[in-house]
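The values are calculated or read from the model by the stated rules, or taken from the named source; none is laboratory data. Because the structure is a prediction, the values reported are computed rather than measured. Reconstructed Cβ throughout: ideal geometry from the backbone, glycine too, with neighbour counts over all protein chains shown. These accessible areas exclude ligands, DNA and RNA; they are computed on the full protein's heavy atoms, side chains included. Shrake-Rupley method; radii C 1.70, N 1.55, O 1.52, S 1.80 Å.
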Amino acid sequence: MGKSGKETKLLFAGLAATALVSFLLAAGIAALLAKDFQRELLRHDYGIAGYLLNHGEEPLAAAFTALPDEKEIEEGRVALDEIAYNETTPIRLLPVIREYRNRIALSVFLLLLFLFGAVGFSLFLYLRRQHSVLRGAENAIRGFLDGDTGCRIECAQTGDWYSLFHTVNEMASILSAHAENQRQTKEFLQDMISDVSHQIKTPLSALKMYQEIIESHKNDAAAVSGFAEKSQREIRRMEDVIYTLLKLARLDAGIIRMEKTPERIADLMGDVLERFETRAERERKTITLSGKDDTILFCDALWVSEAVGNIVKNALDHTEEGGHIAVRWRSSPVMTQIEISDDGKGIHPEDLYNIFKRFYRSRFSSDVHGIGLGLPLAKSIVEAHGGTISVNSAPNAGATFTLNFLGLTDE
């Protein structure tokens with residue numbers, strides 16, 4: 001068993017002490033039984049002696065087969081007492097009694113030896129097995145503490161130890177999940193800081209340059225006004241980046257809880273149209289809505305409007321003058337679907353798998369104003385509602401974004 005623990009040593013010491021006491025008790029019991037046998041033998045011999053004193057002329061066999069009465073027993077006791085044959089006679093002078101005592105003592109000793117030997121051997125095997133199991137559990141826990149988060153204790157069997165091991169494994173799984181969440185959170189924060197730094201760097205450099213130009217042309221009102229307007233545009237760009245990143249961060253962290261209520265999609269899409277109607281008219285583009293007025297979507301109205309608005313804004317950014325953006329919705333017992341399609345430049349096949357990545361900018365796109373956060377934010381919002389978003393497009397054939405919301409539950 002290797003190095004035995006203190007508890008194991010105490011257990012075997014207790015077993016040895018119990019065995020020693022049991023052997024001593026067995027010796028005492030053998031002595032008591034021998035003494036009792038001696039009394040019975042004396043009574044028998046007293047009866048024989050008394051019978052012979054009263055019936056000496058009868059056959060000798062009758063002395064051993066007849067049932068003596070108390071009078072004959074007392075007479076025999078008195079007679080044998082005269083030759084010092086009584087209860088005070090030492091057992092060493094009575095071979096029969098001595099042999100009986102020794103046989104009893106040996107039998108009890110062998111029985112106890114067998115019992116304690118069997119118990120000790122069974123206990124040894126049990127403890128060795130338990131020690132092996134505990135050693136394996138200790139190694140698994142040590143491996144987990146050393147960084148191997150996949151280490152688990154083997155606990156396929158049943159029993160108290162295995163129930164404990166199962167609980168330890170559950171705790172290890174929870175700790176691993178927490179560690180993974182912390183790792184992902186750390187990576188997320190690092191990526192977020194890197195993204196913010198990357199996106200803010202350009203407008204900050206521009207602002208610094210504009211400020212230097214303004215400082216050097218203080219007396220040139222036109223230059224000051226022009227570069228002040230450019231500075232304001234860069235500030236708005238920085239605000240857009242920061243606010244959008246904050247929204248994404250809150251969604252990713254699960255801080256935002258969607259306040260879902262039954263909403264008419266027609267009203268939601270009307271709000272989106274109102275937001276972009278002026279821009280569409282200015283750019284000579286049209287936005288049309290189509291769908292049943294009574295179609296209901298269980299959602300957070302503000303966030304769903306944000307998601308659809310980002311997609312409509314993306315469509316406006318990539319649609320030429322005279323272009324058309326169509327927003328359609330339909331509902332079935334299983335699903336509610338919203339489609340936003342345009343007849344713009346379309347999306348290159350190379351970009352379809354990256355279109356929802358943050359800060360992704362296609363090398364085929366001529367858009368220099370976008371920051372690559374609108375579509376990722378829309379995707380996060382839709383997924384926070386338990387829905388899915390997909391895109392179907394081809395170069396110069398427009399694009400169709402499809403938002404699917406399951407209608408099986410209100411959760």
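What to note about this one:
- Taking the conditions (1) in a loop (DSSP other than H, G, I, E, B); (2) open to solvent by 50 Å² or more (accessible area, probe 1.4 Å) in turn, MET258 satisfies each one other than (2).
- Here is the figure for the range 80-111: residues that are among the hydrophobic types (A, V, I, L, M, F, W, C), over 17 Å from LEU33 (Cβ atoms) and assigned to a helix (DSSP H, G or I) total 2.
- Residue match in the range 388-396 (condition: within 21 Å of TRP303 (Cβ to Cβ), at pLDDT 65 or above and of a type in the set (A, V, I, L, M)): yes
- Any chance TYR243 is within 16 Å of LYS313 (Cβ to Cβ) and either free of Cβ contacts under 8 Å to residues at least 40 places away in the same chain or in a helix (DSSP H, G or I) (or both): yes
Each row is one residue, and each column tells you yes or no for (1) closer than 30 Å to ASN396 by Cβ; (2) open to solvent by 60 Å² or more (accessible area, probe 1.4 Å); (3) at pLDDT 90 or above.
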residue: MET238; (1), (2), (3): no, no, no
residue: ALA266; (1), (2), (3): no, no, yes
residue: LYS292; (1), (2), (3): no, yes, yes
residue: ASN314; (1), (2), (3): yes, no, no
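Condition check ((1) open to solvent by 70 Å² or more (accessible area, probe 1.4 Å); (2) at pLDDT below 70; (3) assigned to a helix (DSSP H, G or I)) across all residues:
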position: LYS201; (1), (2), (3): yes, yes, yes
position: ALA206; (1), (2), (3): no, no, yes
position: ILE214; (1), (2), (3): no, no, yes
position: ASN219; (1), (2), (3): yes, no, no
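- Test result for LYS285, modelled with pLDDT under 90 and touching a strand residue (DSSP E or B) at 6+ places or on another chain (Cβ under 8 Å): no
- Scope the range 293-333; condition among the hydroxyl-bearing types (Ser, Thr, Tyr) and assigned to a strand (DSSP E or B); matching residues: SER331
- Filtering the range 293-339 to residues that are closer than 17 Å to GLY374 by Cα and aromatic (Phe, Trp, Tyr) leaves only TRP303.
- Meets criteria (under 27 Å from ASN392 (Cα atoms), among the charged types (D, E, K, R), surrounded by fewer than 16 Cβ atoms within 10 Å (Cβ to Cβ) and in contact (Cβ under 8 Å) with a residue 24 or more places away in the chain) for GLU320: yes
- Some residue of the range 31-50 being at pLDDT 80 or above, of a type outside the set (Lys, Arg), surrounded by 15 or more Cβ atoms within 10 Å (Cβ to Cβ) and out of contact with any His (no Cβ under 6 Å at 6 or more places or on another chain): yes
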